[in-house]
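Every number here is computed from the coordinates shown, using simple stated rules; none is lab data. This is a predicted model, so every value here is computed, not measured. Cβ: placed from backbone, ideal geometry, glycine included. Neighbour counts: every protein chain shown.
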Amino acid sequence: MNHSPELIVELKRKTIKVRQEIIRMTSIAQSGHLGGSLSCVEVLAALFFHQMRHDPHNPSWEERDRFILSKGHAAPALYATLALSGYFPVEELPTFRSVESRLQGHPDSTKTPGVEISTGSLGQGFSAAVGMALGFKISGRKNHVYTLLGDGELNEGEVWETAMFVNHHQIKGITAIIDRNYGQNDGATEEIMSLEPLTAKWMAFGWDVYEVNGHSIKEILDVLDQSIQQRKKQVVIIARTVKGKGVSIVEGNHNYHAKTLPRELADKVIGELQERFDEFE
Amino acid sequence: MSLNKLIATRDAFGEELVEIGKKNKNLVVLSADLAKSTRTIEFATVFPERFFNAGVAEQNMMGIAAGLSTSGFVPIVSTLAIFAAGRAYDQVRNTIAHSRLNVKIVATHSGVSMGKDGSSHQSIEDIALMRVIPHMVVISPADGPETKKALRSAIEYEGPVYMRLGRPELPVVTQHINSFNIGKADVLQEGTDVSIITCGIMVHQALKAAEILSSQNIRAGVINMHTIKPLDVEVIHQAARSTLVILTAEDHSIIGGLGSAVLETLSCANIRPPVYRIGVRDVFGESGSTDQLMKKYELTWENIVQAVHKILNRNN
Ligand SMILES: Cc1ncc(C[n+]2csc(CCOP(=O)(O)OP(=O)(O)O)c2C)c(N)n1
């Protein structure tokens, strides 16, 4: 529970780097999902830079925890986080979405170190994550499985089939995190397909539900700790976030679900983020 | 061939849907959180009371459309081809097609030509999946104007239809053809050496290839097989009789698509010229620009020209 202020500052710094890389790679590709990548930066940072047991130099280490990006279109956030963790060179990020690149539009486990399973078709990563957790359970292993879902993704029936399965089969080694940014492709979640009361839904499916500010590193670290320590029940964390977080014209703007910044503007925004970074120095 | 005005088939679809909707009050449109990408947003803006967003839930959307069709509505269901034919396959097969319901599935972003989203979003098997279903009509228009005509025909037709559209902007190649008949191919150009049977985004590439070949004294016919099911078998037999070789071209796997349908047709025919298939060669695609991918996966007019040279040389 006691995370040092130094750790928090270090992770905050890293989130700035991650955001810069997300903005850069999507603007170079002139393609990719900016809004939903920027909203999940803190969650990924807390997992990869602190919470998970993993070894970027040995991606197939047997004892590693697993992370599945079920909302696969947030690949830019995952790639930036993986690169800054040391899975592959940061210099490779600008190849995102170009021919022959290891960094595909959506995560491809046959190409990218650190990607556990291919995702991109919404709803499917969650099932696969639970399958992994089931495997660890029946083989008596302690590896933990984390997965990140979009709130729009929760529209898929498969998500709820999986939620039911976990409860029925008493699978405890799974933590699902929902990037509750209140946006999906066509607009606001509550206008396209209303989800509320969301906490009650998950509780009814037998899950322990935690709600946190998804941009507070401290809150995320605390709740992840809790979810691991208990391991009594499967946990879902509803991380309240802002779509496009960190770039004012993108924040909460539904037009930026799959839109990118022009190069010049991107450079400007990256510079502004650098100033914030320097505040931590 | 007029190259000045480029239009994507999905854009033509979005426009025409609004036009048809003005007269046809039974038209209802469904989207699965992709109204912007599929261009049904235009219909949604003009006729909000006849537009329903299912959220990211393609399977449910197909079922809802099936039910709507039983009370006299004509549902137009639109999402990316990968999700229409893939994610919701069982709903399309077992509810819509099995009951022969009057649902029109308009699938956009087909093929590797859809580009940078990459292989998870590139449907290279939807023609195969859809044409194998009994009762299903499968249409793949070549350009904007043909998309509009095909959409009208699909709505007039009573029964399930799968329409395959794409993301790239295309030159108009069917401006001189006034009618659209489901199951009746259009011979865009007569040939004596080779017949190129093609559909969708590859039609303009085939015409360009034929132009180049003609300058080399090779007469290539071009057949726009806009309907893959029911297939115009007569035009295929005619091509078999009148040319030495047949070449098929499609932005789809060479397994199960138009090329396969042509081969099936000729398998027991008396006259069976060699059939060479241009298409995606049993691999997943990848991210990249449309042009880069068309080159890498060998789906350009250059590839057609090369293939024709190769087969004709072999035959000599
Ligand atoms: C099965 C499936 N249907 C449709 C899509 C296209 N799509 C990509 S992202 C998206 C919206 C997702 O919304 P959400 O999960 O809330 O993501 P976020 O807002 O966090 O980016 C859609 C419909 C898809 N990738 N998979």
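The helix-only estimate of mean residue ellipticity at 222 nm for chain B, built from DSSP H runs of length n ≥ 4 each weighted as -39500 (n - 2.57), is -10000 deg cm²/dmol after division by the residue total. Beta bridges per DSSP, both residues in the protein assembly as shown: antiparallel share near 15 percent. Full extension of the segment from A:Arg231 to A:Glu251, taken as 0.36 nm per residue of separation minus the current Cα-Cα distance, would add 3.7 nm. Checking every one of the GluC sites (Glu not before Pro) in segment A:48-105 against DSSP loop status and a limit of 11 other Cβ atoms within 10 Å picks out A:Glu62, A:Glu63, A:Glu100.
Report note on the peptides B:233-242, A:234-243: ranked by the mean count of other C-beta atoms within 10 Å, highest first, their order is A:234-243, B:233-242.
Other protein chain C-beta atoms within 10 Å of residue C-beta, averaged over A:96-106: 6. Using Cβ point charges alone (K and R +1, D and E -1), the dipole size of chain B about the Cα centre works out to roughly 240 debye. Here the calculated FRET efficiency for A:Met203 and B:Lys184, from their Cβ-Cβ distance with R0 = 35 Å, stands at 0.05, rounded to the nearest 0.05. Under the criterion of Cα pairs below 8 Å and six or more residues apart, the relative contact order for segment B:2-172 equals 29 percent. Please state the relative contact order of segment A:22-179 as a whole percent: Cα pairs under 8 Å, 6+ residues apart? Reported as a whole number, the value is 23 percent.
Separation of segment B:3-26 from segment A:246-281 is 36 Å, based on Cα centroids.
Per the Debye calculation on segment B:186-315 with a single equal scatterer at every Cα and no solvent contribution, log₁₀ I(q)/I(0) for q = 0.10, 0.11, 0.12, 0.13 Å⁻¹ amounts to -0.28, -0.33, -0.40, -0.47.
Inter-chain neighbour count for B:284-297: the average number of beta-carbon atoms from partner chains within 10 Å of each residue's beta-carbon is 4. Principal semi-axes of the equivalent ellipsoid, √(5λ) from the alpha carbon gyration tensor of the protein assembly as shown, are 46, 26, 22 Å from largest down.
For A:Leu47, B:Leu68, the sequence from fewest to most other C-beta atoms within 10 Å is B:Leu68, A:Leu47. Take A:Arg263, project a point 7 Å from its Cα along the Cβ direction, then tell me which residues of segment A:8-36 have their backbone nitrogen under 15 Å from it. In segment A:8-36, the label zone of A:Arg263 (backbone N under 15 Å from the point 7 Å along Cα→Cβ) covers A:24-31. Using only the alpha carbon atoms of chain A, find the Kirkwood hydrodynamic radius as the inverse mean reciprocal pair distance, in angstroms to one decimal. Computed over Cα pairs of chain A, the Kirkwood hydrodynamic radius comes out at 18.7 Å. Inter-chain neighbour count for A:113-121: the average number of beta-carbon atoms from partner chains within 10 Å of each residue's beta-carbon is 2. With contacts taken as Cα pairs under 8 Å and at least 6 residues apart, chain B reaches a relative contact order of 18 percent.
In this calculation the C-beta distance from B:Lys25 to B:Gln292 is compared with R0 = 41 Å, giving a FRET efficiency of 0.40. Relative to the longest principal axis of the Cα atoms of chain A, the long axis of helix A:124-138 lies at roughly 50 degrees. Exposure proxy for A:Leu221, A:Leu7, B:Leu27: other Cβ atoms within 10 Å of each Cβ, ordered fewest to most, give A:Leu7, B:Leu27, A:Leu221.
Once a ≥ b ≥ c are taken as the square roots of the eigenvalues of the Cα gyration tensor of segment B:2-172, is the result rounded (a/c under 1.5), prolate (a/b larger than b/c) or oblate (a/b not larger than b/c)? Rounded. Label point of B:Thr70 set 7 angstrom out along Cα-Cβ; within segment B:94-113, amide nitrogens under 16 Å from it belong to B:94-103. Think of segment A:135-213 as having a plus end and a minus end, set by charges on the Cβ of Lys, Arg, Asp and Glu; of A:Met164, A:Pro197, A:Tyr182, A:Met164 sits farthest toward the positive end of this dipole. Each Lys or Arg adds one and each Asp or Glu subtracts one; over the other residues with Cβ under 9 Å from the Cβ of B:Glu286, this totals 0. Projecting the Cα atoms of B:Ser215, B:Ala261, B:Ile271 onto the dipole axis of segment B:186-315, where Lys and Arg carry +1 and Asp and Glu carry -1 at the beta carbon, places B:Ile271 farthest toward the positive end. Among A:Asp222, B:Asp117, a tally of other beta-carbon atoms within 10 Å of each Cβ gives an order, fewest to most, of A:Asp222, B:Asp117. Evaluated with a Cβ-only charge set (Lys, Arg +1; Asp, Glu -1), segment A:5-278 carries a dipole of roughly 480 debye about its Cα centre, given to the nearest 20. Here is how the number arises for chain A: DSSP H runs of 4 or more residues each give -39500 (n - 2.57), the sum is divided by the residue count, and the result at 222 nm is -12500 deg cm²/dmol. Other residues with beta-carbon under 12 Å from the beta-carbon of B:Gly183 carry, at +1 per Lys or Arg and -1 per Asp or Glu, a net charge of -1. With the convex hull of the Cα atoms taken as the outline of segment B:1-51, the averaged projected area works out to 4.2 nm². Among B:Val132, B:Ala97, B:His121, whose Cα projects farthest towards the positive end of the dipole of segment B:2-172, with charges put on the beta-carbon of Lys, Arg (+1) and Asp, Glu (-1)? Positive-most Cα among the choices belongs to B:Ala97.
Estimated at 0.36 nm per residue, the fully extended path between A:Ile138 and A:Val90 surpasses their Cα-Cα distance by 13.6 nm. Using Cβ point charges alone (K and R +1, D and E -1), the dipole size of segment B:126-206 about the Cα centre works out to roughly 220 debye.
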